Structures are given as structure tokens and as C-alpha cells.
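Participant: Please see the structure below; I have some questions.
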């Protein structure tokens, strides 16, 4: 039972799902974020669109990042990992819907990857805060600054940093990375605040 809790089943399953969807003929188009289809009532596309991809280059980058970050985050806390994924999926799609009304379709896990990255950073920073400053904390801070610089570059240029070779008609969506990063930070720090409050209440109860 203990081993089952440690096995990152959810992240592995979700990563595999993206690969299956990409390889299954026609499934990407059926599941992608499609503004017209969503307006017609196909609201599941707000979530499923993140697991659809445009090209081999696109799916490889996204799935590798998702698997690596998901494994680390899920091992730390499966509930927090799942909350982060679901929150980011909805928030990114809603942001695209509200702020990018001219975008008809959207695919990709990169926004959720951004959320998992910042969630992992909060784990590293919080862990080092409790045990004292160390190299891991410095590395985490440098990674966070570098990641924010990456997002700033993407917002300024409209180009994704790590994915190349896309069809000329495919446009990167830096907004998704920004919203994802905010979701990861929010889930990471809010979950720790809630847990801290619960521990404080338990301690108070045990001393009365």
C-alpha cells in the first residue's frame, strides 16, 4: 500500500495519454481547444485541449517536461499535483478564451508544465526555508528567475523558447505559460498555508 502511494501513477498516465492522443488519427482535432466547438457546448475541450498537440516536436517537448516535473511533484504530494494540473488546465483555457478571443484553436501541455515547474520550485524554497539556506535554495531561486525571464522573452517576442520547427501557421501562446506559472505558485503556497493552519489547530487542540 505504501509503495502504491509512492508510485507516480497519475503523472505517468497523463503523460501517456498525450502520446496516445497524438498517435491516434483524428483524435487531436476532436479534443483540441476549439473556440467555436466550446461555444456550441463542447466544454470538455477546455481541459482535453491541453493533451492534444500539433507536431512530433511539440508533443516530445511537452510530454518529456510533463513527465519529469509530474514525477517530482506527485512524489511530493499527489493531491497537490492533481489540484495544480486541474487548476492550471481550467485557468489557462479561461485566460485564452477571455484574453485571446481571436485564437480559434489551442493545443499543448506547456502551460501545465509551467505550473508544475513553479509548484516544484515552491517545494524546494519552502523545504530550504525550514532547514536553513543552502545550495538548493539558491538553485531554486536562480531557476525561478530564469523561468520568469523566459516568459518575459516569450511575451515580448511572441515566440516559444524550446519548441522549434512548427508550421508557420502555428503561433506560440506565452499567456498560457504565464497563467500556468501563476497557478503553480498559488497552489504551492496556498496548500502549504492550509496545511500549516491545520497543523496549528491540531497542536492547539492537543495542548488544551
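Participant: Any residue that is surrounded by fewer than 20 Cβ atoms within 10 Å (Cβ to Cβ), touching a helix residue (DSSP H, G or I) at 6+ places or on another chain (Cβ under 9 Å), assigned to a helix (DSSP H, G or I) and at pLDDT 85 or above - is there at least one of those in region 98-119?
Facilitator: Yes, because at least one residue in region 98-119 is surrounded by fewer than 20 Cβ atoms within 10 Å (Cβ to Cβ), touching a helix residue (DSSP H, G or I) at 6+ places or on another chain (Cβ under 9 Å), assigned to a helix (DSSP H, G or I) and at pLDDT 85 or above.
Participant: Is it fair to say residue 60 is surrounded by fewer than 17 Cβ atoms within 10 Å (Cβ to Cβ) and more than 12 Å from the chain's Cα centre (by Cα)? I'd like the intermediate steps shown before the answer.
Facilitator: Details: surrounded by fewer than 17 Cβ atoms within 10 Å (Cβ to Cβ): yes; more than 12 Å from the chain's Cα centre (by Cα): yes.
So residue 60 fits the description; yes.
Participant: Scanning for something on the phi < 0 side of the Ramachandran plot, surrounded by 20 or more Cβ atoms within 10 Å (Cβ to Cβ), in contact (Cβ under 8 Å) with a residue 60 or more places away in the chain and part of a helix (DSSP H, G or I), does region 126-139 turn up at least one residue?
Facilitator: Among the residues of region 126-139, not one is on the phi < 0 side of the Ramachandran plot, surrounded by 20 or more Cβ atoms within 10 Å (Cβ to Cβ), in contact (Cβ under 8 Å) with a residue 60 or more places away in the chain and part of a helix (DSSP H, G or I), which makes the answer no.
Participant: Could you go through region 48-55 and let me know if any residue there is surrounded by 15 or more Cβ atoms within 10 Å (Cβ to Cβ), closer than 19 Å to residue 99 by Cα, at pLDDT 95 or above and touching a helix residue (DSSP H, G or I) at 6+ places or on another chain (Cβ under 7 Å).
Facilitator: First, the residues of region 48-55 that are surrounded by 15 or more Cβ atoms within 10 Å (Cβ to Cβ): 48-55.
Subset that is closer than 19 Å to residue 99 by Cα: 49-50.
Checking the rest, the ones that are also at pLDDT 95 or above come to 49-50.
Now drop any that are not touching a helix residue (DSSP H, G or I) at 6+ places or on another chain (Cβ under 7 Å), which leaves 49-50.
Within region 48-55, one or more residues are surrounded by 15 or more Cβ atoms within 10 Å (Cβ to Cβ), closer than 19 Å to residue 99 by Cα, at pLDDT 95 or above and touching a helix residue (DSSP H, G or I) at 6+ places or on another chain (Cβ under 7 Å).
Participant: I would also like to ask the following. Considering only region 8-17, I want to know if a residue exists there that is at pLDDT below 95, surrounded by 14 or more Cβ atoms within 10 Å (Cβ to Cβ), closer than 24 Å to residue 186 by Cβ and out of contact with any helix residue (DSSP H, G or I) (no Cβ under 7 Å at 6 or more places or on another chain).
Facilitator: no
Participant: Quick check on residue 66: is it free of Cβ contacts under 8 Å to residues at least 60 places away in the same chain, crowded, with 19+ Cβ neighbours inside 10 Å and closer than 20 Å to residue 7 by Cβ? Before you say what the answer is, go through the steps one by one.
Facilitator: Working: free of Cβ contacts under 8 Å to residues at least 60 places away in the same chain: yes; crowded, with 19+ Cβ neighbours inside 10 Å: yes; closer than 20 Å to residue 7 by Cβ: yes.
For residue 66, the condition - free of Cβ contacts under 8 Å to residues at least 60 places away in the same chain, crowded, with 19+ Cβ neighbours inside 10 Å and closer than 20 Å to residue 7 by Cβ - is met.
Participant: Further, regarding this structure: Mind checking which residues of region 71-97 are over 13 Å from the mean Cα position of the chain (by Cα), crowded, with 16+ Cβ neighbours inside 10 Å and either within 14 Å of residue 186 (Cβ to Cβ) or at pLDDT 95 or above (or both)?
Facilitator: 95, 96, 97, listed by residue number.
Participant: In the set 21, 38, which member is surrounded by fewer than 19 Cβ atoms within 10 Å (Cβ to Cβ), in contact with a helix residue (DSSP H, G or I) (Cβ under 9 Å, 6 or more places away or on another chain) and in contact (Cβ under 8 Å) with a residue 12 or more places away in the chain?
Facilitator: Values: 21 fails: surrounded by fewer than 19 Cβ atoms within 10 Å (Cβ to Cβ).
None of the other options fit; the residue is 38.
Participant: Moving on to the next point. The conditions are (1) at pLDDT below 95; (2) closer than 20 Å to residue 181 by Cβ; (3) exposed (fewer than 12 other Cβ atoms within 10 Å of the Cβ), and residue 2 fails exactly one of them. Which is it?
Facilitator: Here residue 2 meets the rest and fails (2).
Participant: State yes or no: is residue 59 at pLDDT 95 or above and in contact with a helix residue (DSSP H, G or I) (Cβ under 9 Å, 6 or more places away or on another chain)?
Facilitator: So residue 59 does not fit the description; no.
The values are calculated or read from the model by the stated rules, or taken from the named source; none is laboratory data. A quick note: this is a predicted structure, and the numbers were derived from the prediction, not measured. Every residue, glycine among them, receives a Cβ derived from its backbone with ideal geometry; neighbour counts consider all protein chains shown.
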